[in-house]
Amino acid sequence: MLIKNAKIVLLDGVRDGDILVKNGKIVRIAENIPADGEKEKIDASGLYAFPGLIDMHVHLREPGYEYKEDIQSGSEAAVHGGFTQVCCMPNTNPVADNKAVVGYIRRRGEEVGLCKVRPIGAITRGEKGAELADIGEMKAEGAVALSDDGVSVVNSRLMRLAMEYASGFGMVCLCHCEDKVLADGGVVNEGYNSTLTGLKGIPRAAEDIMIARDICLAQSLDVPVHICHVSTYSGVQLIRAAKAGGVKVTAETCPHYYAATDDIIRGFSTDTKVNPPIREERDRQALLEGLKDGTIDCIVTDHAPHHKNDKDVEYDLAAFGISGIETSFGFAITYLYKTGILTLSEIADKMSRNPARILGLEGGELKEGAAADILLADLDKKWTVDPAAFRSKGKNTPFAGYELCGEAVCTIVDGKIKYRREN
Ligand SMILES: [Zn+2]
Ligand SMILES: [Zn+2]
């Protein structure tokens, strides 16, 4: 395959040129590569070539909740959104806390054969927080990280043990930070809008306390730890201070935290219900600052597809989560690049290179010798978010009708086109 005339997003900037792909690998990147009988020639004039996006935090719902999403529909949604690799959380049914379920997810992803599907194993059996899962066996079956996402491991001694074991296997714990007792059944951010709506609030401290605890554990063991979906300004401060102090902490946030505020809950749409909750302008600004200064390493979607029935109920009863994998790239271009907050190279870092580096995955960079996981994108294309057009079974987004800029035109995995925009 020969990709001609792309604007290639490299570590240190954007360069015009061509990309030659052979046997699934990038073999050459240069200003002008003459055609030499390649079977596939792509004219990428006007398009940007990014390293294939990597989402290290998605929920694909299979096995057990296929009515919400499955590995087929989730993979279709991923490549439609420009992602070539996704890491899926273990809160399935049964929970991915053993080699059988982890192996099933990995093989199912290979069978579907669209994006690369990397399973994340549970930290504790059944995500119940009582005893450690079979970490070594899951690693051998292809688990790329450990997480009890959805809940925190409340028992600090067990969490410490998990971090110790994980690091012994070269893995990192991805921490969902939430003190459930303090959150006390809340459904939105605690603040002006929770008072206004009468919906029960979740204080920032419910998140920050667990971020602080997990930083303390990582510091005492001198092992890496990764903080999931940071939503609070105070969480950003904790992580920034820990990094400055030499703690091996990395962190992620999501488009709904850096692009929106909890003003959107005022219409009582349950599609705005997500955990942790969307917070206030102060938090949004801190997250943008954290993305800019490197405190926040990654942008993930926390893609959490749900069935209509899970959301079409009273706010208090609705499921938490946003279906986000098909809008994430548009949000990054619209809210981070077009506003001058991040460069394209920095966006590629947050959405590909850093996730690859933190989890030890292939990809993450366009360079000779790397797997040919490539996103060709049109950054000037304006489009309107329409959940009906999602490939995901989950149509639950609070951003329907939003005007975004930038979309995937062609998603290439191991040198094969897995998605191509029509017309
Ligand atoms: Zn979570
Ligand atoms: Zn999640």
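The values are calculated or read from the model by the stated rules, or taken from the named source; none is laboratory data. Computed from a prediction, not measured in an experiment: that's the story for all the values here. Cβ atoms come from the backbone with ideal geometry, glycine included; neighbour counts cover every protein chain shown.
Can you tell me which residue among Thr343, Thr397, Thr384 is closer than 30 Å to Lys311 by Cβ, polar (S, T, N, Q) and over 17 Å from the mean Cα position of the chain (by Cα)?
Residue meeting the stated conditions: Thr384.
Looking at the range 282-296, is at least one residue under 29 Å from Glu346 (Cα atoms) and in contact with a His (Cβ under 7 Å, 6 or more places away or on another chain)?
No.
With the structure loaded, tell me whether Glu62 is closer than 30 Å to Glu127 by Cα and free of Cβ contacts under 8 Å to residues at least 12 places away in the same chain or whether it fails that test.
no
Kindly indicate whether Val181 is surrounded by fewer than 23 Cβ atoms within 10 Å (Cβ to Cβ), closer than 27 Å to Cys87 by Cα and of a type in the set (Val, Ile, Thr).
For Val181, the condition - surrounded by fewer than 23 Cβ atoms within 10 Å (Cβ to Cβ), closer than 27 Å to Cys87 by Cα and of a type in the set (Val, Ile, Thr) - is not met.
Which of the residues belonging to the range 138-151 are out of contact with any strand residue (DSSP E or B) (no Cβ under 7 Å at 6 or more places or on another chain) and within 16 Å of ligand 1 (Cβ to nearest atom)?
Across the range 138-151, the qualifying residues are Gly150, Val151.
Can you tell me which residues in the range 271-287 are part of a helix (DSSP H, G or I), surrounded by 21 or more Cβ atoms within 10 Å (Cβ to Cβ) and either within 16 Å of ligand 1 (Cβ to nearest atom) or not charged (D, E, K, R) (or both)?
Hits for the range 271-287 are Thr272, Ala286, Leu287.
Residues that are within 20 Å of Leu288 (Cα to Cα), free of Cβ contacts under 8 Å to residues at least 60 places away in the same chain and out of contact with any strand residue (DSSP E or B) (no Cβ under 9 Å at 6 or more places or on another chain), at least 3 per element: which helices (runs of 4 or more DSSP H) completely within the range 158-248 meet that?
233-244
Out of the range 218-236, which residues are farther than 14 Å from Thr253 by Cβ and either within 16 Å of ligand 1 (Cβ to nearest atom) or surrounded by fewer than 23 Cβ atoms within 10 Å (Cβ to Cβ) (or both)?
Hits for the range 218-236 are Gln219, Ser220, Leu221, Asp222, Val223, Pro224, Val225.
Does the range 302-310 include one or more residues that are of a type in the set (Asp, Glu), in a strand (DSSP E or B) and either at pLDDT below 95 or buried (at least 21 other Cβ atoms within 10 Å of the Cβ) (or both)?
Looking through the range 302-310, none of the residues is of a type in the set (Asp, Glu), in a strand (DSSP E or B) and either at pLDDT below 95 or buried (at least 21 other Cβ atoms within 10 Å of the Cβ) (or both).
Any chance the range 98-121 includes a residue that's at pLDDT 95 or above, away from ligand 2 (no atom under 16 Å from the Cβ), aliphatic (A, V, I, L, M) and farther than 30 Å from Leu161 by Cβ?
yes
Residues Phe329, Phe268: which one is more than 15 Å from ligand 1 (Cβ to nearest atom), in contact (Cβ under 8 Å) with a residue 40 or more places away in the chain, out of contact with any Cys (no Cβ under 9 Å at 6 or more places or on another chain) and at positive phi?
Testing whether each residue is more than 15 Å from ligand 1 (Cβ to nearest atom), in contact (Cβ under 8 Å) with a residue 40 or more places away in the chain, out of contact with any Cys (no Cβ under 9 Å at 6 or more places or on another chain) and at positive phi leaves just Phe268.
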